[in-house]
1. Quick one: of the DSSP bridges fully inside chain B, what percent are antiparallel, nearest 5?
2. Tell me the mean residue ellipticity at 222 nm calculated for the protein assembly as shown from its helices only (DSSP H runs of n ≥ 4, each -39500 (n - 2.57), averaged over every residue, nearest 500).
3. Nearest 5 percent is fine: what portion of the DSSP beta bridges confined to segment B:9-166 is antiparallel?
4. Give me the percent relative contact order of chain B, please, defined on Cα pairs under 8 angstrom at least 6 residues apart.
5. So, with +1 on the Cβ of K and R and -1 on the Cβ of D and E, and no other charges, what is the size of the charge dipole of chain B about its Cα centre, to the nearest 20 debye?
6. Where the only charges are on Cβ atoms (+1 Lys, Arg; -1 Asp, Glu), what is the dipole of segment B:163-287 about its Cα centre, to the nearest 20 debye?
7. What do you get for the angle between helix B:249-266 and the principal long axis of chain B? Use alpha-carbon atoms, 0 to 90 degrees, nearest ten.
8. Hey, fewest Cβ within 10 Å first, where do A:GLU28, B:GLU126 land in order?
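Taken together, the values in this text are just the output of simple stated rules run on the coordinates, not laboratory data. Please read all numbers here as calculations on a predicted model, not as lab measurements. When we count neighbours, we look across all protein chains shown, and the Cβ atoms used for this are built from the backbone with ideal geometry, even at glycine.
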Amino acid sequence: MALTTETLRRGIARVQSKIDTIGPEMNELDGRLGDGDLGVTLINGFHNMAKVADTLPDDVGMALFGCAKAMTQVSGSSFGTLMATALMAAGKQAKGESDVEWSRFPELLASAQEAMILRGGASLGDKTLLDSTDAVIAATREQNTPNGLQEAALKAASDALDAFRDKPNRIGRARIFGDRTIGMDDPGMVAFLRLIQCFDDG
Amino acid sequence: MCLAYPDVYAVDGETARILRRTRAAKGKVGVVSGGGFGHIPVFAGYVGDGLLDACAVGDVFASPDMNPMLEAVRFADTGAGVLCIVGNYGGDRMNFDMTCEMAEMEDIATARVIVSDDVASAGPDEAEKRRGVAGLVYVFKIAGAAAKAGMDLAATTAAAQKASNACRSIGVAMSSCTVPQAGKPTFEIGDMEIEIGMGIHGEPGVWRGPLQPVDAVTDTLLDHLDRDRPLGQGDRVSVLVNGLGATPVEELFLIYRRLHKRMSNAGVEIVHPMVGNYATSMEMAGASVTIMKLDGELEQLLSVPADCPFWRNL
């Protein structure tokens, strides 16, 4: 049992079927702190990924690159660019492989996180998506089944959200609001949790 | 552009966002660029034999996304790798970074040269933060000539980097441009005012004051350039007196007259001078001066003929 392009297609379809309800919530959250286009980015991005899903190659690395390309075609927003960056970094790790063991998920996510730090300039602790990915990487190290991964990731992303709620945002447009962001959830962190929740029922 | 010069340019790409040579070159390093519209002939105008092989284009003053950039790289690749010449702007850089990562996944070797020649946009200690302006034209030319001469990717990149390092530019504006989506002038400036050092998107400059005679303005520009990199007896340079869009070419020649006198007095020899609209900012009134200090290699590559409606061989 491993991650293949077919698994990826099913994953995209799963997210696509739910993204139209997640999107408006994200726009609303992002509108309070940022430019309010996070939901649009997610909606357009996943619909476009679904559009190209059938043409993705069996090479999982190249398939992830294909997803990144689909993302950049519809979004120039910073979140869209960071998602594309993440997909490409993970893709590089999987280049030439048609099935990737689930136990390598944390490793792929760690490459994605590192690339997002380099491109976006945020650090861990700034109350961004990275604090969620960091928690998920740590929590999924011992997991090697999709269900185990999903459960561990869900708990980690949810705990990270709780842990950072009462801290201020330290980067991006949200930083301008300073201490007023205490008590508010970071939109990127919520988005990551919602994406994991798409896989709640196995 | 393709309708006017069908022998030189062709539109290509899934979203018609690249301009490329009509026929792919054979057996040479590819040279590409990309950037927003609003600066014609920069960027896409410099596609042609001995210059760029292909160029990705974005909306006015907006970087194209990665996809047309990747299409440009694929078109330009003949197996010898592709050099991307990038103006030092956040969007352009980030998208070219991703493009090169993508290209490497497709086993196309790539290199990048970031052009940052505007001395008004950051001090010498932070030269890497400077914006890329009309110096792009020189870097396109040197890279194109190096690739045409059969240099490999590393040598082409080194020549382009040398050209970029040798360029210094500064501009002066008398009126703003208006980005169509914004619908109003990017900055306000009085009829009798000028601003030294503004960027080609209307970024703020370093000094604003009353309108002055052309010789005095030219002296101010040259003093800025000279402070950044002094020139002296025996130096050889190429100079570009560039119109930003709404300034008569007659006035550009007045700037050149003063510049020529200053260079002569300092014992600096001008090779391949260029006077005209090479890197514009839509309807902005004003001009920029770019000086590229030459060595033997740069001078030789500059003289290699290129074929493009916006490049004049001397």
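1. If I count the DSSP bridges inside chain B, around 55 percent turn out antiparallel.
2. -14500 deg cm²/dmol
3. About 30 percent, rounded to the nearest 5.
4. Computed over chain B, the figure is 18 percent.
5. Working: 27 positive and 40 negative charges, 127 e Å.
Roughly 600 debye, rounded to the nearest 20.
6. Working: 10 positive and 15 negative charges, 68 e Å.
So the magnitude is around 320 debye.
7. Taking Cα atoms only, the helix is inclined about 80 degrees.
8. Ranking A:GLU28, B:GLU126 by Cβ neighbours within 10 Å, fewest first, gives B:GLU126, A:GLU28.
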